[in-house]
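Visitor: Sharing a structure, written as structure tokens. Questions coming.
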Amino acid sequence: MPYLLPVFASVLPFAAWVTERILPYPHLIEELAKASLVVAFVGNKTKAAYLAVVAGFCFAFTETVFYSFNIFPSGSLSTILARLTLTSLLHVTTYLLLAVPYKQDKKLILISLPLAIFVHFMYNRLI
């Protein structure tokens, strides 16, 4: 069942978008949601790094498609491709930060979650 993680990661941007309309903290909302998926789907025998990379790309792709509806009127295809590239790097990195330590020791999510939130926060500030 761990291979359902990418499926849920693909749907997560839609749920996060609704939540972010109420609480405008995407770094916090998205990383808490990702951490809950990691806790639900990553076990001791799971290939955590592989799943994190796939889930990160799925999340970034869906988020980019979702946000492209806002970009198209004022942007171009190159804007969408740049966004997909940059958000893929962000979401793959934060999924790796959450999943790989969690597989080693479940308590490490207490360290990796704030780190993932910080990385996402800095990405939002700098890019």
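Visitor: Please list, in order, the residues from the stretch 19-43 whose amide nitrogen is less than 19 Å from a point placed 7 Å along the Cα→Cβ vector of GLN104.
Guide: Residues 35, 38-39, 42-43 qualify, since their backbone N sits under 19 Å from the label point.
Visitor: Projected onto the charge dipole of the chain (+1 at Lys/Arg Cβ, -1 at Asp/Glu Cβ, origin at the Cα centre), which of LEU28, ILE127, GLN104 gives the Cα projection farthest towards the positive end?
Guide: Final value for the positive-end residue is GLN104.
Visitor: Now a separate question. Applying the Karplus parametrisation 6.51 cos²θ - 1.76 cosθ + 1.60 with θ = phi - 60° to the phi angles of the stretch 29-42, what ³J(HN,Hα) value in whole Hz is obtained for each residue in order, glycine and proline being reported as x?
Guide: Computed from phi, the couplings for the stretch 29-42 are 4, 5, 6, 5, 5, 5, 4, 5, 5, 4, 4, 6, 10, 9 Hz.
Visitor: Can you tell me how much longer the chain between PHE66 and LYS47 gets when fully stretched, taken as 0.36 nm per residue apart minus their C-alpha distance, in nm with one decimal?
Guide: Extending this stretch completely gives an extra 4.0 nm.
Visitor: Quick one: Karplus J couplings for the stretch 89-106, per residue in order, coefficients 6.51, -1.76, 1.60, θ = phi - 60°, nearest Hz, x for Gly and Pro?
Guide: These are the phi-based 3J(HN,Hα) values: 4, 5, 6, 5, 4, 5, 5, 4, 4, 8, 7, 5, x, 4, 5, 5, 7, 4 Hz.
Visitor: Applying the Karplus parametrisation 6.51 cos²θ - 1.76 cosθ + 1.60 with θ = phi - 60° to the phi angles of the stretch 116-127, what ³J(HN,Hα) value in whole Hz is obtained for each residue in order, glycine and proline being reported as x?
Guide: Listing the rounded values in order: 5, 4, 5, 4, 5, 4, 5, 4, 4, 6, 8, 10 Hz.
Visitor: Please sort 79-87, 52-60, 7-15 by packing, taking for each peptide the average over its residues of neighbouring beta carbons within 10 angstrom, highest first. Kindly include the intermediate steps, with their values, before the conclusion.
Guide: On the way: 79-87: 15.2, 52-60: 23.7, 7-15: 17.7.
Output ranking for 79-87, 52-60, 7-15: 52-60, 7-15, 79-87.
Visitor: Oh, and also: Taking N as the number of residues in the stretch 7-82, what is its Cα Rg relative to 2.2 N^0.38 Å?
Guide: 1.23
Visitor: Relative to the longest principal Cα axis of the chain, at what angle does helix 5-22 sit, 0 to 90 degrees, rounded to 10?
Guide: 60
Visitor: Another question, then. Show me, bin by bin at 5 Å from 0, the whole-percent P(r) of the chain based on Cα pairs.
Guide: Going from the shortest bin to the longest, the percentages are 2, 12, 21, 25, 20, 11, 5, 2, 1, 0.
Read-outs throughout are calculated quantities, based only on the coordinates presented, and are distinct from any laboratory measurement. Worth saying up front: this structure is predicted, and the values here are computed from it rather than measured. Positions of Cβ are generated from backbone atoms using ideal geometry, with glycine treated the same way; all protein chains shown enter the neighbour counts.
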